[in-house]
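The values are calculated or read from the model by the stated rules, or taken from the named source; none is laboratory data. Quantities reported herein were computed from a predicted structural model and do not represent experimental measurements. Neighbour counts are summed over all protein chains in view; Cβ atoms, including those assigned to glycine, are modelled from backbone coordinates with ideal geometry. Quick note on the areas: whole protein, heavy atoms, side chains included, nothing else; ligands and nucleic acids left out. Shrake-Rupley method; radii C 1.70, N 1.55, O 1.52, S 1.80 Å.
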Amino acid sequence: MCRVVDLQQAVLAENDRRARALRSELTARGTSVVNLLSSPGSGKTALLEAELTLARSRGIPVAALTADLATENDARRLGRSGAPVKQVLTDGLCHLEADMLRGHLDGWLPDGTRVLFVENVGNLVCPATYDLGETLRVALCSVTEGEDKPLKYPTAFGLAHLVLVTKSDLADAVGFDEAAFRAHVQQINPGVETVLTSTRTGEGAGVLLEHALAAHGNAPAHRPVMARQVLPREHGHTHHHDGVAHSHS
Amino acid sequence: MHEMSLALAVVDQVDGALRDEPPGTVDTVRLQVGELAGVVADALHFSFTLACEGTALEGAALHIDTVPGRARCTPCGQEWATGMPPHLHCPACRGTAAALVAGRELRIVSVHRTDHGVVPAPAPASEEN
């Protein structure tokens, strides 16, 4: 006998549940999590090293967890800042999930950490789908990657609370069209702040840290359209929307 | 390719949900995938077949209903198709305070299955001759 079993379950329900639990737990401990997303080679590690060094010089307790498929090179680079750093090797997995992050924090994350920076696997597709329990999600793009990158990876840029352009010192050399880039970001994420940075010239230094501290204990100041969900207007039948996307009011 | 992780999550959830059902085979798993969910349907189909191997879902087909992106402006009420890549400014008032009505779905809708052991027994052989 053939039967239809109605399930109505979000595929990512388990990850989203763990992410919410981690966000609550870390908020209660006074720690906010910043999830950094970009393509490989965009300059996440260089920017993060500079921000960790800045935080340390100001006496702000920060830590960083960096994920890669292989090598501990990034942890070595970030460790030069003096901040606690942990390398996570994903063994080929293209993204981090909330339970993976959770598992790496036990016994490592120092009490009193104000900001935990998570450098996700360099990839603009897969990590975008997974909530890690972050308070602030940041999408980065270097000037060499092309102005239309946000349109090509709308989920990554559309769900970001902050967009950082890296390697701005190379903008003239590669003919980076800043106005076009900003317009593309605004098309998919209206109202999000976009800031140019360069670890060579120091442009935008401290912006990431400031946003991370401002998000501390609160919802991010910016709420992306893509992260807000409303119910369809009623047409006389029931709609199910749990777990698809939730709004933070 | 995170579609493999998603396929494993689908198989895991369906397997768990059907644990208390009578023995049977899973014929089809029906998913809703939003246009803005960041998922490639072909990759998900491919991964699903692999993820089902050796499980109670082995041999099941995956049916994906694609949900187009739609947004609604909170202040003015205008509703529009977002397109891909999406346009998320309100086309009527140019406001930035819209929300999605649809488009980020990634959900298991239902499962079609065939129960074993409830097939009517063949009629007893007649003893006419």
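Taking only segment A:122-143 into account, find how many residues are open to solvent by 10 Å² or more (accessible area, probe 1.4 Å) and among the β-branched types (V, I, T).
3
Residue-wise test of (1) in contact (Cβ under 8 Å) with a residue 40 or more places away in the chain; (2) at positive phi; (3) assigned to a helix (DSSP H, G or I); (4) surrounded by 18 or more Cβ atoms within 10 Å (Cβ to Cβ).
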{"position": "B:M4", "(1), (2), (3), (4)": "yes, no, yes, yes"}
{"position": "B:V10", "(1), (2), (3), (4)": "yes, no, yes, yes"}
{"position": "B:G16", "(1), (2), (3), (4)": "no, no, yes, no"}
{"position": "B:R19", "(1), (2), (3), (4)": "no, no, no, no"}
{"position": "B:D27", "(1), (2), (3), (4)": "yes, no, no, no"}
{"position": "B:L31", "(1), (2), (3), (4)": "yes, no, no, yes"}
{"position": "B:G38", "(1), (2), (3), (4)": "no, yes, no, yes"}
{"position": "B:T55", "(1), (2), (3), (4)": "yes, no, no, no"}
{"position": "B:D65", "(1), (2), (3), (4)": "yes, no, no, no"}
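Just checking, how many residues over segment A:87-106 are in contact with a helix residue (DSSP H, G or I) (Cβ under 6 Å, 6 or more places away or on another chain) and either farther than 21 Å from B:L6 by Cβ or aromatic (F, W, Y) (or both)?
Count: 1.
Spot the failing condition for A:V11; the list is (1) open to solvent by 10 Å² or more (accessible area, probe 1.4 Å); (2) over 25 Å from A:G107 (Cβ atoms), and only one is missed.
Of everything listed in (1) open to solvent by 10 Å² or more (accessible area, probe 1.4 Å); (2) over 25 Å from A:G107 (Cβ atoms), A:V11 misses just condition (1).
Out of all the residues in segment A:117-162, which are more than 11 Å from chain B (Cβ to nearest Cβ) and free of Cβ contacts under 8 Å to residues at least 60 places away in the same chain?
Across segment A:117-162, the qualifying residues are A:V143, A:T144, A:G146, A:E147.
For segment A:198-227, what are the residues that are within 14 Å of another protein chain (Cβ to nearest Cβ), modelled with pLDDT of 90 or more and open to solvent by 40 Å² or more (accessible area, probe 1.4 Å)?
Residue satisfying the conditions is A:R223 alone.
Take the residues in segment A:14-52 that are crowded, with 24+ Cβ neighbours inside 10 Å and in a helix (DSSP H, G or I), then tell me which one is nearest to the chain's Cα centre (by Cα).
Per the criteria, the residue is A:K44.
Would you check if A:R17 is at pLDDT 95 or above and within 30 Å of B:T28 (Cβ to Cβ)?
Considered against the rule, which asks whether it is at pLDDT 95 or above and within 30 Å of B:T28 (Cβ to Cβ), A:R17 comes out as yes.
Report yes if some residue within segment B:42-50 is facing chain A (nearest Cβ under 10 Å) and β-branched (V, I, T); otherwise report no.
Within segment B:42-50 (the criterion being facing chain A (nearest Cβ under 10 Å) and β-branched (V, I, T)), the answer is no, since none of the residues qualifies.
Could you list, in sequence order, the residues of segment B:76-120 that are of a type in the set (S, T, Y), farther than 30 Å from A:C2 by Cα and open to solvent by 10 Å² or more (accessible area, probe 1.4 Å)?
Within segment B:76-120, just B:T96 meets the criteria.
Restricting attention to segment A:61-86, report how many residues are under 29 Å from B:E3 (Cβ atoms) and surrounded by fewer than 17 Cβ atoms within 10 Å (Cβ to Cβ).
The number of residues fulfilling the criteria is 5.
Go through the residues of segment A:144-157 one by one and say whether even a single one is charged (D, E, K, R), buried (at least 24 other Cβ atoms within 10 Å of the Cβ) and outside any loop (DSSP other than H, G, I, E, B).
No: zero hits.
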